[in-house]
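Coordinate-derived values only; no laboratory data. Computed from a predicted structure; not experimentally measured. All Cβ positions, glycine included, derive from the backbone under ideal geometry; neighbour counts span all protein chains shown.
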Amino acid sequence: MQYDIVIIGACTAGLYFAKRMAEQGYKVLVAEKDKKEDLAKRLRVFHMDYGEMQKYAVPKPEEGKDFLHSFKFSASRSALGKWEKYHEHTVYVMDLPAYVGRLMRWAEEYGVDFWFETAFEDVIIQNGKVVGAKLRQGEKEFTVSSRLLADCSGIAAAVRTKLPEDNLCENFKLKDSDKFYVTVNYISFLKPEKVHIRHTISWPYYKVWIAPREIESGAILGVGANMSYAYGERCLQKFLENITIPPYHIDKVERGTVPYHRPPYSFVADGFVALGDSACLTKPNNGEGVTAAWYLVDIAAEEIGYALQNEGIASAEEMWGVNVRYQTTQGAVFAELLATMTGAVDCSREENDYEFEHNLIFKNNLLNQQVDKKQEKNELIKGLLKGVLNGRMRPKTIKKLLHYSSIASKIKHHYQAFPTDMHGYAAWKLKADALWASAGSMADVVYDEGYYLNDL
Ligand SMILES: Cc1cc2nc3c(=O)[nH]c(=O)nc-3n(C[C@H](O)[C@H](O)[C@H](O)COP(=O)(O)OP(=O)(O)OC[C@H]3O[C@@H](n4cnc5c(N)ncnc54)[C@H](O)[C@@H]3O)c2cc1C
């Protein structure tokens with residue numbers, strides 16, 4: 001069996017990529033291990049920024065089907081709850097399995113073939129190039145040839161992790177410290193007339209958020225932290241000791257993991273591309289991955305569309321533009337954020353409150369707002385020094401913050417200078433490895449048994 005493109009995984013990344021390639025006239029197969037009726041059932045409710053959704057011209061959800069409700073801004077609050085920042089944007093709250101069903105029908109209209117209950121087993125490699133996949137349906141094992149094999153299998157990265165060691169696209173497996181363990185509690189308030197959660201409020205210090213639920217008398221109380229669900233539970237307990245939430249009971253709990261690791265430096269290899277969670281494409285500040293992945297998929301669909309106009313396997317060289325266009329834009333922004341976040345949470349609750357109060361790191365994010373980066377940097381330094389002088393910030397916290405923000409800025413600039421052809425890649429990668437080694441990870445500032453190292 002021969003397809004131009006074989007996609008592993010039929011969820012938000014795989015379905016959007018399938019549609020984008022099929023509309024260009026390519027023969028596309030999506031292989032999905034789950035049954036059609038179980039698609040995306042691991043999560044019920046999910047949030048998407050409506051402005052971002054519009055950019056990708058994806059189908060609109062409908063009331064009574066996949067659309068649950070929407071709100072117009074979200075907020076983040078300081079560790080002691082005294083200060084708040086606003087983020088103006090319209091957020092759609094949707095039913096994930098129903099919306100994924102809509103995306104699937106949309107892809108089908110463009111002629112995409114689907115094989116359900118079909119698990120990817122291994123890559124087929126010839127002369128160092130990926131030329132197809134070994135698949136399994138129950139007891140039956142068979143192969144399918146492709147000119148491009150796309151890994152859209154989510155955090156499992158089923159295909160990418162099977163690539164040979166020295167492949168252009170790295171085959172790293174995520175450790176516990178490279179993931180966020182997310183627990184979503186669907187809660188009902190015991191005195192519902194007193195509380196209405198109308199938009200998302202997050203407390204980055206505790207990695208906890210609260211969001212509206214489809215019933216007015218309830219909310220979603222979520223926590224996502226490195227290492228384990230148990231560590232996330234401890235973060236939630238610490239949050240509840242410091243921030244008052246009206247009494248509630250838990251109706252239902254959902255759990256899942258999101259990547260918290262830099263993406264592979266190269267998304268492409270000969271005959272291969274990694275997209276979505278398999279390429280660690282989640283937003284570093286909140287773990288959302290759907291529209292973050294579509295940004296890369298859009299670029300990949302254009303570049304791979306051109307590459308496949310030539311005969312044979314899509315080569316890494318022909319697809320190199322995927323890396324360049326992604327890493328120099330969203331890649332650079334996310335990489336900077338990932339490196340900054342470690343410093344931002346590695347402090348005491350009082351220091352986190354001071355950062356909110358003085359717009360250091362945590363700021364309002366308003367529509368049509370102009371940001372002057374130079375002025376922002378000067379204000380950060382001034383604010384931190386003032387914090388030391390008046391005893392609100394410890395020198396060691398400042399030292400760490402400055403260390404992380406300086407590394408983060410170097411990482412961003414390095415990504416912005418991603419080599420435009422493959423020849424400069426080896427040297428670029430070497431420097432990137434050194435920068436990430438000094439950036440560390442949020443997991444480094446976690447106690448196994450306790451809380452943040454600096455929480456006195
Ligand atoms: C609790 C939680 C809440 C979240 N909330 C949000 C949110 O509100 N908004 C947001 O934008 N993001 C959210 N995310 C992140 C978001 O869910 C992911 O970023 C997104 O679903 C990734 O899409 P994907 O298509 O790459 O992978 P997935 O959605 O994981 O899909 C991968 C697909 O591949 C299939 N597959 C896996 N292995 C194989 C194999 N060997 N063979 C064949 N098929 C295979 C799987 O069955 C699955 O259908 C949340 C994540 C969690 C855990």
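Couple of notes before you dig in:
- Taking one quarter of the surface of the convex hull spanned by the alpha-carbon atoms of the stretch 1-158 gives a direction-averaged projected area of 12.2 nm².
- Largest-first principal axis extents of the Cα set of the stretch 1-58 (Å): 38, 28, 13
- Note on the stretch 177-259: with charges restricted to the Cβ of Lys and Arg (+1) and Asp and Glu (-1), its dipole about the Cα centre is near 120 debye.
- Legend: residue pairs K72/K283; K162/K410; K60/K207, Cα-Cα distance threshold 23 Å; pairs beyond threshold, K162/K410; K60/K207.
- On the principal axes of its alpha-carbon atoms, the stretch 207-306 has extents of 57, 30, 20 Å, going from largest to smallest.
- Cα-only Debye scattering, the stretch 278-393: base-10 log of I(q)/I(0) at q = 0.10, 0.19 Å⁻¹: -0.47, -1.07
- Listed by chain and number, the aspartates and glutamates whose alpha-carbon sits under 12 Å from that of K238, ignoring those within fewer than 8 places in the same chain, are D455.
- Size of electric dipole in the chain: Cβ of Lys, Arg +1 and of Asp, Glu -1, about Cα centre, debye, nearest 20: 1280
- Exceeding the 24 Å Cα-Cα cut-off - candidates K179/K412; K173/K431; K85/K382; K36/K134; K386/K431: K386/K431
- Evaluating kT/(6 pi eta Rh) at 37 °C and 0.692 mPa s, with the Kirkwood radius of the stretch 31-115 over Cα pairs in the Stokes-Einstein relation, gives 220 µm² s⁻¹.
- Geometric extent, Cα atoms of the stretch 331-445 - Rg, Dmax (angstrom): 15.8, 52
- Against the main long axis of the alpha-carbon atoms of the chain, helix 290-307 sits at an angle near 30°.
- Of every Cα-Cα pair in the chain, the percent that sits beyond 37 Å: 27
- The Cβ shell under 14 Å around A18 holds other residues with a net charge of -3, Lys and Arg each +1, Asp and Glu each -1.
- Above-threshold pairs, the threshold being 31 Å between Cα atoms, out of K27/K429; K41/K175; K194/K377: K27/K429; K194/K377
- Taken over the C-alpha atoms, the stretch 177-259 has Rg and Dmax values of 12.5, 41 angstrom.
- Working note: 222 nm ellipticity from helices only, DSSP H runs with n ≥ 4, each -39,500 (n - 2.57), summed and divided by the residues of the chain, gives -10500 deg cm²/dmol to the nearest 500.
- Gap separating the Cα centres of the stretch 121-140 and the stretch 193-241, nearest whole Å: 42
- Using the Cβ of G271 as centre and a radius below 9 Å, the other residues enclosed give a net charge of +1, where K and R count +1 and D and E count -1.
- In terms of surrounding Cβ atoms within a 10 Å radius of their Cβ, D346, D151, D251, D113 rank from fewest to most as D251, D113, D346, D151.
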